[in-house]
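Novice: My questions all concern the structure below.
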């Protein structure tokens with residue numbers, strides 16, 4: 001499982017304040033804590049409050065690169081913000097994200113190719129959020145076809161079925177989970193799959209429990225990557241155990257700490 | 001259209017373990033032996049680097065072995081009764097790069113030598129021969145804990161490979177190996193889960209994974225060889241996929257297993273030698289890095305086989 005730590009996001013008060021005041025220490029500690037907890041990659045998002053994301057995102061990238069060479073997931077809906085981050089990125093990059101809209105694909109896929117990055121593709125378009133599995137698959141196919149035509153390696157594409165809060169879209173949960181499996185059979189080589197996990201529990205009273213059960217079920221569908229809170233220890237234990245049950249790692253009595261040693 | 005071969009790319013690699021310390025590093029060995037470092041499955045040269053060849057260690061004991069079949073002791077003549085002469089013969093006459101000395105004489109049933117006597121023996125052995133050493137206990141946990149700790153100290157700085165740590169008895173040996181700068185053999189009973197667990201327990205005590213060699217426990221041809229093979233293969237696949245906790249090189253005690261087979265003791269004089277050769281060659285294909293062997297003729301044949309495998313094609 002490719003684990004992307006979600007905590008460097010300006011929407012969290014401590015990070016928003018640190019971005020505003022250019023407080024390196026807060027950002028770097030947050031980066032290191034997530035890596036120590038098992039993150040393979042760090043999401044970097046200035047958050048909605050940032051007035052100058054075009055300079056805030058590169059600042060975050062440079063500050064994080066001082067303490068780690070782990071990949072960074074540059075998170076913005078604005079291509080120019082992502083490119084500003086790419087220009088200063090020395091670490092490997094995941095572009096987070098492109099949608100199925102032609103004008104977004106036309107800009108971000110070439111950018112991903114040029115900078116040799118991985119790319120997250122959201123199965124969403126200007127028409128709105130998909131309402132069922134078929135719509136998700138159609139949007140996924142649009143993204144995969146565009147990547148294949150543009151010469152972007154499909155195995156570097158991470159498709160996100162758009163996880164909705166369980167208390168808002170309970171009827172869609174089954175479709176979302178099944179989409180993860182079906183995305184894999186769109187093409188050969190397969191695209192990879194990813195979820196932004198925390199959204200599933202928005203507004204619920206048992207967020208951690210909902211997160212970890214959804215993740216377990218998604219892993220059973222063949223999920224390749226997740227954007228999540230790696231400091232949630234129970235969540236990480238559930239992730240490790242799910243992969244163990246799928247024979248991704250060799251069992252030993254200390255399998256939880258063994259995974260973290262990797 | 002010509003068929004294209006599928007090539008695997010791996011993210012992990014086997015750790016490199018160095019045995020023996022030269023003068024420049026505080027030891028007295030004439031050469032070092034490096035094992036491991038593979039970035040692909042055995043001999044798939046086109047897929048990834050295989051920087052170090054499998055290496056054979058000749059096995060000697062600190063006492064004249066009582067239970068070795070006659071054919072396996074014959075090449076050593078009277079020297080087999082004098083461990084130091086035996087060791088020298090292995091190095092001078094049979095060109096051993098590595099010696100594995102088993103301190104069987106410390107066993108309560110085999111003479112019960114004291115830790116001090118064994119330490120003196122190790123010191124004398126280090127003076128007599130200048131190849132790197134593997135030091136193996138007698139198999140009695142309690143006695144090994146006494147003897148190996150003192151022997152590790154006697155060989156301080158020589159970067160030996162010392163064993164064996166097992167799941168129920170590893171702490172004393174790990175502490176000794178840590179203190180005196182050696183490597184350790186982690187032995188598991190043909191069980192991948194225990195092999196992994198033991199590596200974690202050892203590294204939790206502060207000994208880096210890069211100083212561990214796994215003894216997966218092997219069986220000779222006809223005596224469970226394929227079980228050992230599949231365990232080694234599974235560990236290697238996991239290691240190459242990035243699991244550092246099983247990414248240790250393997251040591252295989254070929255001689256002791258092959259010469260236990262009843263087929264090695266009957267038939268023509270060469271049958272035992274061939275049993276040792278075939279067992280060794282199969283386990284080289286499984287990823288064996290150190291092969292501990294007994295008969296010089298078998299060693300010669302297996303060395304030739306290794307050379308042939310490494311001829312660029």
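Novice: Take the Cα coordinates of the protein assembly as shown, assign each an equal point scatterer, and use the Debye formula without solvent to give log10 I(q)/I(0) at q = 0.05 Å⁻¹.
Specialist: Log10 I(q)/I(0), no solvent term: -0.29.
Novice: Which order do B:80, A:129 fall in if you start with the one that has the fewest other Cβ atoms within 10 Å?
Specialist: Exposure proxy ranking, most exposed first: A:129, B:80.
Novice: For a quick check, take a GNM of chain A with Cα springs below 10 Å and name the residue from A:96, A:211, A:247 with the largest mean-square fluctuation.
Specialist: Comparing A:96, A:211, A:247 in a Gaussian network model of chain A, the most mobile one is A:247.
Novice: Report the relative contact order of segment B:45-303, percent, no decimals, based on alpha-carbon pairs under 8 angstrom and at least 6 residues apart.
Specialist: 18
Novice: What's log10 of I(q)/I(0) for chain B at q = 0.08 Å⁻¹, Debye sum over Cα points only, no solvent?
Specialist: -0.33
Novice: To the nearest 0.05, what FRET efficiency results for residue B:9 and residue B:94 with a Förster distance of 51 Å applied to their C-beta separation?
Specialist: Computed FRET efficiency for residue B:9 and residue B:94: 0.80.
Novice: Pick out which of B:205, B:89, B:293 has the largest mean-square fluctuation in a Gaussian network model of chain B, springs linking Cα atoms closer than 10 Å.
Specialist: Maximum fluctuation in the GNM of chain B, among the listed residues, is at B:205.
Novice: Over segment A:88-245, what is the mean sequence separation of C-alpha contacts under 8 Å (at least six apart), divided by residue count, expressed as relative contact order in percent?
Specialist: 18
Novice: Report the FRET efficiency, 1/(1 + (r/R0)^6), for residue B:141 and residue B:23, where r is their Cβ-Cβ distance and R0 is 51 Å, rounded to 0.05.
Specialist: 0.90
Novice: Moving on. Quick one: B:313, A:260, fewest Cβ neighbours within 10 Å first, how do they rank?
Specialist: Fewest-to-most ranking of B:313, A:260: B:313, A:260.
Novice: Which translational diffusion coefficient, to the nearest whole µm²/s, is obtained for segment B:247-313 from the Stokes-Einstein equation, given a Kirkwood hydrodynamic radius over C-alpha pairs, 4 °C and 1.567 mPa s?
Specialist: 106
Novice: Of all beta bridges DSSP finds with both residues in segment A:113-247, what is the antiparallel percent, to the nearest 5?
Specialist: So the antiparallel bridges in segment A:113-247 amount to around 10 percent.
Novice: For the protein assembly as shown, give me the percentage of DSSP beta bridges that are antiparallel, rounded to the nearest 5 percent.
Specialist: Looking only at bridges with both residues in the protein assembly as shown, the antiparallel portion is about 10 percent.
Novice: Work out how much length residue A:21 to residue A:237 would gain on full extension: take 0.36 nm times their residue separation and subtract the Cα-Cα distance, in nm to one decimal.
Specialist: Here the answer is 74.3 nm.
Novice: Further question: Gain in length, residue A:33 to residue A:14, computed as 0.36 nm per residue apart minus the alpha-carbon separation, to one decimal in nm?
Specialist: Extending this stretch completely gives an extra 5.4 nm.
Novice: How much length would be gained if the chain were fully extended between residue A:204 and residue A:169, taking 0.36 nm per residue of separation minus their Cα-Cα distance, in nm to one decimal?
Specialist: Extra length from residue A:204 to residue A:169 when fully extended: 11.4 nm.
Novice: Students often get this wrong: which residues of segment B:56-77 have the backbone nitrogen under 13 Å from the point 7 angstrom along Cα-to-C-beta of residue B:120?
Specialist: none
Novice: Follow-up. Please report the antiparallel percentage of DSSP beta bridges with both residues in segment A:2-234, rounded to the nearest 5.
Specialist: 5
Novice: Another question about this same structure. Using only the alpha carbons of segment B:15-65, what is the convex hull's orientation-averaged projected area in square nanometres?
Specialist: Orientation-averaged projected area of the Cα hull: 5.4 nm².
Novice: Which of B:54, B:108, B:249 moves the most in a Gaussian network model of chain B with Cα springs under 10 Å?
Specialist: Its mean-square fluctuation being the largest, the pick is B:108.
Computed from the coordinates by the stated procedures, all read-outs in this text should not be read as laboratory data. Bear in mind the structure is a predicted one, so any value in this text is a computation, not a measurement. A quick note on method: Cβ atoms are made from the backbone with ideal geometry, for glycine too, and the neighbour counts reach across all protein chains shown.
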